[in-house]
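Undergrad: Here it is: the structure, laid out below.
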Amino acid sequence: MLPLNLPTDIPSLSSISAFAFATNPLLLRLYNASTPLTANSAYMGRSLSRNRARWGDVDFRARACGVKIVRHVSSLPSSSPSSSAPLPPPPSSSLEEEEEEEKDSKKEERELKMLAYATWLLPRRGHRRRRSGDDDVVEQETKGAEEKAPDLASEVPEGYDDDVAARTRECLDLGTEQFVGNETVRVERWWQLFELATLPEYQRQGVARRLIDWGMCRAREDWDKRKGDVEGVFVVSQPDAVSVYEAAGFEVVGRKGVRLGEGREHVFAWLVVRF
């Protein structure tokens, strides 16, 4: 398990989430897609832009902690010299040998494949809700951003259903306020498992659970230090992932659905662990 390497990892994040949710009914409806492949293709471009905008935002980066699980896609040595052991002097080598070693190093980096990732949002005291026209707050939050966030409106693919997107945002906002608390409460007093995605071929193998346990362990450590200031952890779950969070100790506190048309509804679940 490793920390996210940003912005280098952004394409991998977008690819994993696209494949993980390609058969999601809400995603298919949002992109008016007839097949998962169509949804995947449409989602990728928007996901890349959204992740660049998200990780380019100073306020988000100040609260976010991202981790990933990777593995070598080919057989590599399973052990390496101890970091405390003295290393032998490098042998003399020709320029050709040095270039070959550099190629091998780059090849090893390419052989690392990301299987899953999770993004946690940590509680942050002194949060101020951004208000329209509050130039001082906006300037303070955006000062020092490493890259200018792209305009997501310009990245919307053809066929994107704005009505479903608006209903989804409203559902998530209302549900989170109803089941967890208002913006100030949840930003200052709650850990949030913001994102969790695993490549389909590695699902149901305990990979996601490792990422959940990693964050839960650190949330409990934070609670031990600041007891009265931290209430717990919450997550907004897709319908088919509720059992994964329940197995990790979360409890469902509410559900709310988004109308997809033709009598169908996509129901999100809000789950919490209170300390």
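Undergrad: In nanometres, what is the gap between the two model label sites at Gln203 and Met1, each 7 Å from Cα along Cα-to-Cβ?
TA: 2.1
Undergrad: With a Förster radius of 30 Å, plug the Cβ-Cβ distance of Val70 and Arg218 into 1/(1 + (r/R0)^6) and report the FRET value to the nearest 0.05. Write out the running numbers ahead of the final one.
TA: Working: r = 20 Å, r/R0 = 0.65.
So the FRET efficiency works out to roughly 0.95.
Undergrad: In nm, give the distance between the simple-model label positions of Val267 and Val58, each being 7 Å from the Cα along the Cα-to-Cβ direction.
TA: Reported label-point gap for Val267 and Val58 is 4.3 nm.
Undergrad: What ranking, highest mean first, results for peptides 21-28, 242-249, 188-195 when packing means the other Cβ atoms within 10 Å averaged over each residue?
TA: On the way: 21-28: 18.4, 242-249: 15.9, 188-195: 20.8.
Ranked from most to least packed, the peptides come out as 188-195, 21-28, 242-249.
Undergrad: Asp162 versus Glu177, label points 7 Å from Cα toward the beta carbon: distance in nm?
TA: Each label point lies 7 Å from its Cα, and together they span 2.3 nm.
Undergrad: On to the next question. Multiply the residue gap between Glu111 and Lys227 by 0.36 nm, knock off their C-alpha separation, and tell me the result in nm, one decimal place.
TA: Using 0.36 nm per residue and subtracting the Cα-Cα distance, I get 37.5 nm.
A short reminder: the numbers here are calculations on the coordinates, not readings from a lab. None of the values given here were measured: they were computed from a predicted structure. With ideal geometry, Cβ positions are generated from the backbone for all residues, glycine too; neighbour counts draw on all protein chains shown.
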